[in-house]
Amino acid sequence: MEQNPEAFGLSRIGQISMIVKDLDRAIAFYRDQLGMRFMFRAPNLAFFDCDGIRLMLGPAEDPEFDHPGSVLYYVVEGLDAVYETLRSRGVTFRADPHKVADLGDRELWMAFFEDGEGNLAAAMEERAAS
C-alpha cells in the first residue's frame, strides 16, 4: 500500500545511541547506578530498555561521531526521592533538583548528571504549580 507523502511523518523513536569509550564502565553505570533494565550485549555494544525505547551504548564507528551525545531526559515521579536514590548509588549531579520552567498550571523541575563518559542526562518531573 502506497503512503501519501504529505501525510507521512516520523514520530516513534525505536532506539537511541550513546557513544561510550569504556563499555564495561557504562554498563555498570546504566544498570547498577541508574537501575535501568539491561537487555543484552553484543560485541562492542550494550542495549537497555527505556520503557519500550532501546538505548544502545557503544564506541563511535567513525571519528566524526566520537563526541558526547544528546541530552537524555528521563521522566520520573518524585524527583527529590529519585535524586536521593541516584546520589546514594554514586551518581554525581551538577546541582540539586530545581525548577526550570513555569508552565502555568504546572512546573518543570530537573536535576542534571553525567554518565561517567561525558554524556549529560537529566531526571525531569512536571509538578503541580505551587
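The values are calculated or read from the model by the stated rules, or taken from the named source; none is laboratory data. Keep in mind that what you see is a predicted model, and the values were worked out from it rather than measured. So basically every Cβ, Gly included, is an ideal-geometry build from the backbone, and we count neighbours across all protein chains shown.
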Condition check for Asp115: surrounded by 11 or more Cβ atoms within 10 Å (Cβ to Cβ), more than 27 Å from Lys21 (Cα to Cα) and at pLDDT below 95: no
Residue match in the range 25-35 (condition: surrounded by 15 or more Cβ atoms within 10 Å (Cβ to Cβ), under 17 Å from the mean Cα position of the chain (by Cα), at pLDDT 95 or above and assigned to a loop (DSSP other than H, G, I, E, B)): yes
Residue match in the range 75-89 (condition: surrounded by 13 or more Cβ atoms within 10 Å (Cβ to Cβ) and in contact with a Gly (Cβ under 9 Å, 6 or more places away or on another chain)): yes
Positions within the range 39-57 being of a type outside the set (Asp, Glu) and either within 18 Å of Val75 (Cα to Cα) or touching a Cys at 6+ places or on another chain (Cβ under 8 Å) (or both), in sequence order: Phe48, Cys50, Gly52, Ile53, Arg54, Leu55
Residue in the range 1-22 that is over 17 Å from Leu120 (Cβ atoms), in a helix (DSSP H, G or I) and in contact (Cβ under 8 Å) with a residue 12 or more places away in the chain present: no
Options Ala42, Ala101, Ala46, Ala129: the member that is without any contact (Cβ under 8 Å) to a residue 24 or more places away in the chain, of a type in the set (A, V, I, L, M, F, W, C) and farther than 25 Å from Asp24 by Cα: Ala101
Flag if Val100 is at pLDDT below 95 and touching a strand residue (DSSP E or B) at 6+ places or on another chain (Cβ under 7 Å): no
Residue identified as touching a helix residue (DSSP H, G or I) at 6+ places or on another chain (Cβ under 7 Å) and either over 25 Å from Ile19 (Cα atoms) or touching a residue at least 24 places away in the same chain (Cβ under 8 Å) (or both) among Arg89, Arg54: Arg89
Filter result (under 10 Å from Glu125 (Cα atoms) and part of a loop (DSSP other than H, G, I, E, B)) within the range 91-112: Pro97
